[in-house]
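Below is one structure; the comments refer to it alone.
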Amino acid sequence: MLKNIIAEDKHIIVVYKPAGIATQTARVGQQDMVSELKNYLAKKPEYKGKGEPYLGIVHRLDQPVSGLLVFARTKQAAARLSKQAADGRMQKFYYAVVCGRPDKEQGRLEDYLYKDSRMNQSLIVDETFPGAKKAVLHYKLVKTLVMLEENLSPGENGGFSGENEISLLEIRLVTGRHHQIRAQMSHAGIPLLGDSKYGSPRSKELGYKAGCKSAALCAFRLIFDHPAAGERMTFEKQPEGEIFLPFFTRGI
């Protein structure tokens, strides 16, 4: 856990959640960030003989998604950070690797999402649909790469076809809905690589060929006001997943 801790003090703890680990889970025997952090904090001298440490959940990341999370170490810090998350002062930026290339190099997506709890899936619906919530994000294209011909199955188009393009997008969330980025990108025709729930047959195929085992989505930048001192804080971390590496390699 120590290697995943980005910053900590008496009020907050900022961590990098690897893909595949839940933020919190009730499943017996399944690893999650909350349990790991509580175990880490419990070993500190200040908690000796005082029971389970307090850890406030401010926001979450889906299990297949990697990236930065801030947790509160006091109830007061939790309330202040949660207020920032609700009113937009907490800003979250993501890198996503998508199948294809967006029509515009930057843009705004606005949809209405309905969370189907039974399927654990968010559906794009009309704004009049009962339970629909507005979902808004901004994106910009960072870079587009082409998967080489030798990675393709026999009979497919050559390596420089648009069908073989994958793009890195920078995304800023305006709202924080369930599976929002994954659902909106899929609806826009540029689904995330490695996304088994919202991906298209083509995005799943390219993700498989690229060795992408989880949704290619990482919360790489997190901005908020410190809940006690009040100063604006920015944390950044480059994605660790292999699918992201070619986009950050010089000369490509």
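None of the figures in this text is laboratory data; all of them are computed from the coordinates on show. Keep in mind that this is a model prediction, so the values were computed, not measured. Cβ sites come from the backbone with ideal geometry, for glycine too, and all protein chains shown count toward neighbours.
Could you rank the peptides 5-15, 56-66 by their average count of other C-beta atoms within 10 Å per residue, with the highest value first?
Descending packing order for the listed peptides: 56-66, 5-15.
From the residues Gly176, Ala132, Ile5, which one has its Cα farthest along the dipole of region 2-248 in the positive direction, the dipole being from +1 and -1 charges on Cβ of Lys/Arg and Asp/Glu about the Cα centre?
Ile5
Please sort 83-96, 100-113, 192-205 by packing, taking for each peptide the average over its residues of neighbouring beta carbons within 10 angstrom, highest first.
Going from most to least packed, we get 192-205, 83-96, 100-113.
In 10 Å bins starting at 0, how do the alpha-carbon pair distances of the chain split up by percent?
Per 10 Å bin, starting at zero, the Cα-Cα P(r) for the chain comes out as 7, 28, 33, 22, 8, 2, 0 percent.
Taking the Cα atoms only, what angle lies between the long axis of helix 75-87 and the longest principal axis of the chain, rounded to 10 degrees?
On a 0 to 90 degree scale, this one is about 30.
Going down the list Lys75/Lys197; Lys3/Lys133; Lys17/Lys104; Lys83/Lys140; Lys3/Lys134, which pairs span over 29 Å between their C-alpha atoms?
Lys75/Lys197; Lys3/Lys133; Lys17/Lys104; Lys3/Lys134
Name the long-range amide H neighbours of Val58: under 5 Å, sequence gap of 5 or more, or other chain; modelled H, no Pro or chain starts.
Amide H neighbours of Val58: Ala72.
In whole Hz, what ³J(HN,Hα) sequence does region 193-209 give by Karplus (6.51, -1.76, 1.60; θ = phi - 60°), x for Gly and Pro?
Result, rounded to whole Hz: 5, x, 8, 6, 8, 10, x, 8, x, 5, 5, 5, 5, 5, x, 5, 5.
Using only Cα atoms, tell me the angle between helix 33-42 and the longest principal axis of the chain; keep it within 0 to 90° and round to the nearest 10.
Taking Cα atoms only, the helix is inclined about 30 degrees.
Using +1 on the beta carbon of Lys and Arg, -1 on that of Asp and Glu, and nothing else charged, what's the dipole of the chain about the Cα centre, debye to 20?
So the dipole magnitude of the chain works out to roughly 1100 debye.
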